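Asks: Below are the structure tokens for one structure; questions will follow.
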Amino acid sequence: MITSVCRGRGGVRVVVALWIGVAMTLGGCVNRDPYVTSSGEVMSGEWRIARQLDRVTGAQLPSAGIIALASNTYEDYPKPSLMQLTCFDGKPLVRFAFGWKIGADVNTTLGYRFDDKPGRDNIDGVRFMQDERMVVIEETPAVVRFVNDLRGARVLYLRIRSITQGRTTAEYKLDGSEPAIQAAFADCPLPAPAPSANAIQKRTS
């Protein structure tokens with residue numbers, strides 16, 4: 001315990017150094033709150049499903065993620081990227097995070113393709129975050145389309161095009177996706193997709 005205050009600039013530096021030393025010592029003995037770590041995660045194929053407990057709500061954290069290497073026009077080597085399914089503020093969300101800037105709303109587009117299904121380019125309902133390293137599919141209809149394409153698929157190919165940050169691509173292996181979808185959206189169930197024109201015609205014929 002420090003019982004006296006040292007005078008002068010040198011004394012202040014000594015006190016600060018002592019407190020930093022105490023903080024570092026305590027930090028080495030105290031574990032982080034499990035809520036902010038990967039503690040309790042379980043695997044479903046390639047997916048990591050969160051099992052942390054939110055001590056505010058008492059509920060489990062609704063989240064599932066998958067990691068893949070991503071490439072960029074201006075980067076010499078691929079780096080890990082994250083795709084995450086989750087509920088945020090009561091709404092379903094798909095988040096992609098990268099180790100470099102991928103672009104901003106005003107000059108960047110996102111497209112994707114699952115397996116051999118038709119690709120979706122320049123999709124709506126997307127927001128590029130302020131740090132330009134993350135993009136979210138946040139409008140519920142766009143999330144529903146994405147998840148419906150995801151179900152049963154083996155591979156997702158993601159492509160981002162930016163006027164200022166070049167092209168970014170990633171390919172995610174999707175084995176084990178159904179338990180991940182169920183866990184991630186347990187607190188914000190996705191609405192049923194609108195019936196296709198063919199399905200409506202069959203019911204009315």
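Bear in mind these aren't lab numbers, they're just calculated from the coordinates by the rules spelled out. Model, not experiment: these values are computed from the prediction. Glycine also receives a Cβ, built like all others from the backbone with ideal geometry; neighbour counts cover every protein chain displayed.
Asks: Tally Lys and Arg at +1 and Asp and Glu at -1 over the other residues with C-beta under 13 Å from the C-beta of LEU93: what net charge comes out? Don't jump to the answer; show the numbers that get you there.
Replies: Working: positive: LYS91, ARG95, ARG127; negative: ASP89, GLU138, GLU139, ASP187.
Counting the neighbours of LEU93, the net charge comes to -1.
Asks: Obtain the nm distance between the two label points defined at LEU53 and TRP100 by a simple spin-label model: each point lies 7 Å from its Cα along the Cα-to-C-beta direction.
Replies: 4.3
Asks: Just want the ordering: ASP76, ASP121, from fewest to most Cβ atoms lying within 10 Å of their own Cβ.
Replies: Details: ASP76 6, ASP121 12.
Starting with the residue having the fewest Cβ neighbours, the order is ASP76, ASP121.
Asks: For GLY119, what residues show an amide H to amide H distance below 5 Å, using hydrogens built from the backbone and excluding near sequence neighbours?
Replies: Those lying under 5 Å, H to H, from GLY119: there are none.
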